[in-house]
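Visitor: Input: one structure, supplied below.
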There are 4 protein chains.
Amino acid sequence: MSTAVEARGPGRPRCEGTKQAILRAAYDLLEEGGIAAFTIEAVAQRSGAAKTTIYRWWPNKGALAIESFLQVVEKQNPFPQSASAIADLKTQLRGVARLFRGRVGQLVSSIMVEAQTDPETRRAFVDGYLNPRRAAARKVFERGIASGELRAGLDFDLACDALYGAIYMRLLLRHGGLGDAAVDLLAETVLDGLRPRPAP
Amino acid sequence: MSTAVEARGPGRPRCEGTKQAILRAAYDLLEEGGIAAFTIEAVAQRSGAAKTTIYRWWPNKGALAIESFLQVVEKQNPFPQSASAIADLKTQLRGVARLFRGRVGQLVSSIMVEAQTDPETRRAFVDGYLNPRRAAARKVFERGIASGELRAGLDFDLACDALYGAIYMRLLLRHGGLGDAAVDLLAETVLDGLRPRPAP
Amino acid sequence: MSTAVEARGPGRPRCEGTKQAILRAAYDLLEEGGIAAFTIEAVAQRSGAAKTTIYRWWPNKGALAIESFLQVVEKQNPFPQSASAIADLKTQLRGVARLFRGRVGQLVSSIMVEAQTDPETRRAFVDGYLNPRRAAARKVFERGIASGELRAGLDFDLACDALYGAIYMRLLLRHGGLGDAAVDLLAETVLDGLRPRPAP
Amino acid sequence: MSTAVEARGPGRPRCEGTKQAILRAAYDLLEEGGIAAFTIEAVAQRSGAAKTTIYRWWPNKGALAIESFLQVVEKQNPFPQSASAIADLKTQLRGVARLFRGRVGQLVSSIMVEAQTDPETRRAFVDGYLNPRRAAARKVFERGIASGELRAGLDFDLACDALYGAIYMRLLLRHGGLGDAAVDLLAETVLDGLRPRPAP
DNA sequence: CGCTAAACGAGACGGTACGTCGAGTCTTACT
DNA sequence: AGTAAGACTCGACGTACCGTCTCGTTTAGCG
């Protein structure tokens, strides 16, 4: 496995160009028109591939959407790494919100739509996008606890959802802004808690 | 308003039975099969109404989904009213999560799907469901601030989204539970904040 | 009948204006767009009458079409009355062809379409339009036989259909013209027969 | 043409079985219920084909009706070929009338209905059915003129319409019979003309 | 170098749902 | 009772995608 070249049977190998064209077309369609414009038929037409070819490699719309999304998004928005965990958290939160305000927001909401129908898509999104980012966030949290910036007992999962859930909710329902100021205020609100603090 | 008979023009009045049958069928379909099963054709068939009749009164699937949802849900889950604002908040949060775990969750996620395609549906959901509940929540927050249970300067909108956003996110992505314990912990986390507290 | 007022039961009498408006609208629609544009809905809209009112007085589209047609056409194209029966026949044939080239052709073909679906319409057309004209034609034929212009033994019905059938066929299939010259030639052809004539 | 294999582009070839099933269903429906029963929906259902497939190959009802009609009727009723042109004419006329009395009559009248709405159908009927038969009839006429059975100067088109027009008219309006006797008399009437003949 | 086998394009096919139109029936208020 | 208004059921329209299928063509590795 280590040295062996990928074992391959006979027959024509998969055409990488076609694959990329399909993923690219899928991404573009999602970005341009959201889930409504994202049609296998349209992907085929735009990519120049045959519908058959698409169905050969992706079992359904969700799988294709996810893969086209992940491929582009995977390298984006790495967690910053500064002296202050809290600062890093805020920076990252701002980054996510900025992406969600732009084209990535369209992609994410589309995939979440697809995920409501197709459990496989949901799982793929959670495993391929959400959880890796949460794992990275967890690191920051732990760093913050170690440094004393964050309190020790906090429940990471719920803290994370409180921060990100607000952003996801606003992405989907647009009842509130996703600007830097709003996100900073969100971070402060959750960091400080809702209860009054005794004067130090 | 009190004495005036509802002014009505000529023509056969709208058949209330049909309207209710349609709304009922729409609700049932959404509950049973989610957005995938929610088809105008299916609603027509199940309700016994003609497709034309449905299109006469609702411009699209979203409008029908929303109305059927609101009609059923409107009387549910009134905000509790106890001595403690915080306790009320927690109770209400638990209630929402409980609903989301059940059939209402199916409805809400379906409508949010529809809302991603149709802005009118999004607006209807926000105005007809979300905002009224937020307004009620705001009252509780204000009560809490007045009583000293909550700190004075907090941003209500973001606090609210931190609490509810986590629940919505979990409804849609199912990466975390919505049980009473989880929700209680969420409330505690957001109430107490993430920063360490100086010992009193 | 002369002095007596039309005996009438209780209730509001039929509104003659409405009836005329309906017939007029029906006629206009038929003339403008043929059978495709002739819709009860359209008649109602254009005439300002309610669909119910139309259905009260006419059992179906065909009946309305026929009546609106007959009312207008009834007074047209009376058989000429000259010294020569053959000349009268030719004149009349020209007249029919001229009408068929124009708006009446649209009406007649539309009604014949309707007649293929609704036997009542067929009967109404035959009894109300075709047969009266054939009866008038028969008079001419008989005059011609009496005067020696036409031969004695001829079968009136078939002679008539040979003359008019060609015109109806061309109205419907448009494979040949309906100009005066063509019609004259038709008359001559049928009058003279296809067999060679011994020189007088 | 003789040796060349039918050139064919890429893609799955058209399924001949489906095509035939559709044409057959169309024919049967027309025959059974006339134009009223002839619905794309019904054709699809009866043939087992999808509506889409029908629309892929035929632009509208008329085109399908025509093709299903021609395919069946094309091989019927070839012009007879005896010593006497007049006898052949009569035989053929009888044949047409016999067909029109039966199922073909239903088909023809249905197509003529469709033709009143759709010019393409009219043209297809005239070119695909009427004109070929007229061309064959012309041959007979010419033979008759050559043999002296028919007079030399006659206008073929109008003579033809006089003979066939009567039959078409009776098909559509049913105001007269189409039995053998009637048709024979029709032929005699047109052959002999309406004017008295000088004794030979 | 030819054989085998998979990838690929093209596009036909059976379906499901869409949103619209018109037919014909009905229920109501007004005259 | 006649009429306008308009709600209602029903059936068909023509369209868009779905996911599957059957072709002919291409592109590799293996014998």
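The values are calculated or read from the model by the stated rules, or taken from the named source; none is laboratory data. No experiment lies behind these values; they were computed from the predicted model shown. Backbone-built Cβ (ideal geometry, glycine too); neighbour counts: all protein chains shown.
Visitor: Look through D:V104, D:V96 and report the one residue that is buried (at least 19 other Cβ atoms within 10 Å of the Cβ) and free of Cβ contacts under 8 Å to residues at least 40 places away in the same chain.
Guide: D:V104
Visitor: Taking into account only those residues within the range D:33-51 that are surrounded by fewer than 20 Cβ atoms within 10 Å (Cβ to Cβ) and within 14 Å of chain C (Cβ to nearest Cβ), which is nearest to DNA strand E (Cβ to nearest atom)?
Guide: Selected residue: D:A36.
Visitor: Is it the case that some residue within the range D:52-72 is at pLDDT 95 or above, more than 10 Å from DNA strand F (Cβ to nearest atom) and within 14 Å of chain C (Cβ to nearest Cβ)?
Guide: Yes, the range D:52-72 has at least one match.
Visitor: Taking the range A:167-182, which residues are touching a Lys or Arg at 6+ places or on another chain (Cβ under 7 Å) and under 10 Å from B:D161 (Cβ atoms)?
Guide: Within the range A:167-182, A:L173, A:G176 meet the criteria.
Visitor: When you look at A:A152, is it surrounded by fewer than 23 Cβ atoms within 10 Å (Cβ to Cβ), of a type in the set (A, V, I, L, M), more than 7 Å from chain B (Cβ to nearest Cβ) and more than 18 Å from B:A166 (Cβ to Cβ), yes or no?
Guide: yes
Visitor: Quick check, is C:E114 under 18 Å from C:M169 (Cα atoms) and assigned by TED's automatic domain parsing to the domain that holds C:L178?
Guide: Yes.
Visitor: For the range D:155-178, which positions are within 7 Å of another protein chain (Cβ to nearest Cβ) and in a loop (DSSP other than H, G, I, E, B)?
Guide: D:D155, D:R174, D:H175, D:G176
Visitor: Shifting gears a bit: Within the range D:183-195, can you find the residues that are touching a helix residue (DSSP H, G or I) at 6+ places or on another chain (Cβ under 9 Å) and facing chain C (nearest Cβ under 7 Å)?
Guide: Passing the criteria: D:L185, D:L186, D:T189, D:V190, D:L191, D:G193, D:L194, D:R195.
Visitor: If I go through the range B:52-93 residue by residue, how many of them are surrounded by fewer than 18 Cβ atoms within 10 Å (Cβ to Cβ), touching a residue at least 40 places away in the same chain (Cβ under 8 Å) and among the small types (G, A, S)?
Guide: Number satisfying all stated conditions: 2.
Visitor: So B:E120 clears everything in (1) at the interface with chain A (Cβ under 8 Å from one of its Cβ atoms); (2) within 22 Å of A:T117 (Cα to Cα); (3) touching a residue at least 12 places away in the same chain (Cβ under 8 Å); (4) in contact with a Pro (Cβ under 9 Å, 6 or more places away or on another chain) except one condition, right? Which one?
Guide: (1)
Visitor: When you go through B:A136, B:A159, B:A166, B:A146 one by one, which is the residue that is surrounded by fewer than 22 Cβ atoms within 10 Å (Cβ to Cβ), within 19 Å of the chain's Cα centre (by Cα) and closer than 15 Å to B:L89 by Cβ?
Guide: Every option except B:A136 fails the conditions.
Visitor: Would it be correct to say that C:E142 is part of a helix (DSSP H, G or I) and free of Cβ contacts under 8 Å to residues at least 60 places away in the same chain?
Guide: So C:E142 fits the description; yes.
Visitor: Would you check if A:A181 is out of contact with any strand residue (DSSP E or B) (no Cβ under 9 Å at 6 or more places or on another chain) and either in a loop (DSSP other than H, G, I, E, B) or surrounded by 20 or more Cβ atoms within 10 Å (Cβ to Cβ) (or both)?
Guide: No.
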